[in-house]
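The values are calculated or read from the model by the stated rules, or taken from the named source; none is laboratory data. Because the structure is predicted, anything quoted here is derived from the model rather than measured. Neighbour counts run over all protein chains shown; Cβ positions are idealised from the backbone, glycine included. Ligands, DNA and RNA are stripped out before the accessible areas are found, and what is left, the full protein with its side chains, is counted by its heavy atoms. Shrake-Rupley method; radii C 1.70, N 1.55, O 1.52, S 1.80 Å.
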Amino acid sequence: MSTERPDKPPFLGFGLGLRPQHYSEILDGDPEIDWFEVISDNYMIPGGQPLRMLDRIRERYPVVMHGVSLSIASTAPLDMDYLQSLKALAERVQPKWISDHLCWTGVHGVNLHDLLPIPYTKEALDHVVDRISQVQDFLGRRLTIENVSSYVSFGQSEMTEWEFVTEVAERADCWLLFDVNNVYVSAFNHGFSAQDFLNGVPRDRVVQFHVAGHSHEESHIIDTHDHPVCDEVWDLYRHTVKHFGPVSTMIERDDNIPPLAELVEELNHARAIASEILGLPHVAAAE
Ligand SMILES: [Fe+2]
C-alpha cells in the first residue's frame with residue numbers, strides 16, 4: 001500500500017486555486033506559488049478573457065484541472081457534451097491531472113450546483129466504478145476523485161466513507177484528491193474519527209490535498225470555503241502530511257476571496273508545516 005506507483009503524477013509543491021480576482025497580480029508579479037488549480041467548468045466556453053489568461057498562466061506554472069459538474073455518481077447518463085468540452089480543455093491546458101468529486105449534482109438535465117452525497121453501498125460502488133472507467137476511457141487518462149463533505153448519511157450504507165473511497169480508487173484505478181477540510185467537516189458532522197479516515201485511504205493513490213476554511217455552526221459545520229483555515233484543520237493537515245508524505249497541497253478558497261498575499265501567507269503556513277514534518281529545509285516542487 002505504501003509503494004509509490006511509477007506512473008503517479010509528480011509532487012508539484014504548494015499551489016492555489018486560480019481565481020479571476022488574482023489574474024493581474026499573478027501575471028504582473030512573481031508570487032511564491034508553485035502551481036495552480038483551475039475550475040474546469042469556468043474555462044469551457046471557447047474564446048474570451050478567462051481562456052486567454054489561463055493560456056498565459058499555463059506558460060509559467062503547472063496547472064491541474066478541477067471540475068464541479070461531472071456528477072459521477074448520478075444515475076443520469078453521462079453528459080457527453082460536457083465530457084467533450086472537458087477533453088478539449090485538457091488538450092489545450094495539458095493539466096498534470098483532472099479531478100472532480102465523489103458525488104452527484106443532479107438528474108434529468110438539472111444541475112443543482114451542489115455536491116450531493118451518496119449511500120456507501122455495493123450497488124453504488126459498482127455504479128461509480130463503472131462510470132469512472134467510462135470517463136477515463138473517453139479522456140484517455142486517469143481521473144482524480146475527491147471526497148466531499150456531507151451533512152446527511154444514508155441508513156442503507158454498508159461501509160464507511162473511507163472504505164468506499166478506497167474501493168473506488170482500487171477498482172476504477174483512479175487517483176485520489178484528499179480534502180483535509182472535508183474530512184474534518186464530515187468527521188464532526190457524522191461523529192467519526194478523522195484519523196480513521198486518514199488511515200483508511202491508500203497512500204499510493206493520493207496525488208493532491210485541499211486545505212480550506214469552513215463555518216462552524218456549533219451543532220454542525222458547513223463547508224463554505226470562505227474563511228481562513230482554522231487551527232483544527234491545520235492539526236489534521238499535520239497528521240495528513242505525516243501519513244501521506246509529500247503530496248501537492250492547495251489552499252481552496254471559493255468565497256470572500258482575499259488579496260493574493262493573504263492566500264500566499266496561508267500557503268506558506270502549509271509549506272512550513274510540511275517542511276518541518278518531512279524534515280526538509282524547504283519542500284522543493286517538481287515541474
Ligand atoms: Fe475540496
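For (1) open to solvent by 20 Å² or more (accessible area, probe 1.4 Å); (2) farther than 30 Å from GLU32 by Cβ, each residue gets a yes or a no:
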| residue | (1), (2) |
| --- | --- |
| VAL63 | no, no |
| LEU83 | no, yes |
| LYS87 | yes, yes |
| LYS96 | yes, no |
| VAL129 | no, yes |
| VAL135 | no, yes |
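Taking the criterion of being open to solvent by 10 Å² or more (accessible area, probe 1.4 Å) and among the aromatic types (Phe, Trp, Tyr), the only residue of the range 190-209 that qualifies is PHE192.
Any chance the range 112-127 includes a residue that's outside any helix (DSSP H, G or I), open to solvent by less than 10 Å² (accessible area, probe 1.4 Å), in contact (Cβ under 8 Å) with a residue 40 or more places away in the chain and closer than 30 Å to ARG56 by Cβ? Scanning the range 112-127, I find no residue that is outside any helix (DSSP H, G or I), open to solvent by less than 10 Å² (accessible area, probe 1.4 Å), in contact (Cβ under 8 Å) with a residue 40 or more places away in the chain and closer than 30 Å to ARG56 by Cβ, so the answer is no.
Of all residue pairs spaced 6 or more apart or on separate chains, those with beta-carbon atoms under 9 Å, a first member in the range 210-223 that is open to solvent by less than 20 Å² (accessible area, probe 1.4 Å) and a second member that is assigned to a strand (DSSP E or B) and among the charged types (D, E, K, R) are HIS210/GLU37; HIS210/GLU146; HIS210/ASP179; VAL211/ASP179; ALA212/ASP179. In the range 224-255, which residue that is over 28 Å from PRO9 (Cα atoms) and more than 16 Å from the ligand (Cβ to nearest atom) is surrounded by the fewest Cβ atoms within 10 Å (Cβ to Cβ)? Per the criteria, the residue is ASP231. The residues of the range 163-187 that are open to solvent by 10 Å² or more (accessible area, probe 1.4 Å), away from the ligand (no atom under 16 Å from the Cβ) and not charged (D, E, K, R) amount to a single one, THR166. Tallying residues that are assigned to a loop (DSSP other than H, G, I, E, B) and open to solvent by less than 20 Å² (accessible area, probe 1.4 Å) within the range 20-43 yields 1. Sort out which residues of the range 188-204 are within 16 Å of the ligand (Cβ to nearest atom) and under 15 Å from GLU146 (Cα atoms), and write them in order of number. Answer for the range 188-204, where residues must be within 16 Å of the ligand (Cβ to nearest atom) and under 15 Å from GLU146 (Cα atoms): PHE197, LEU198, VAL201.
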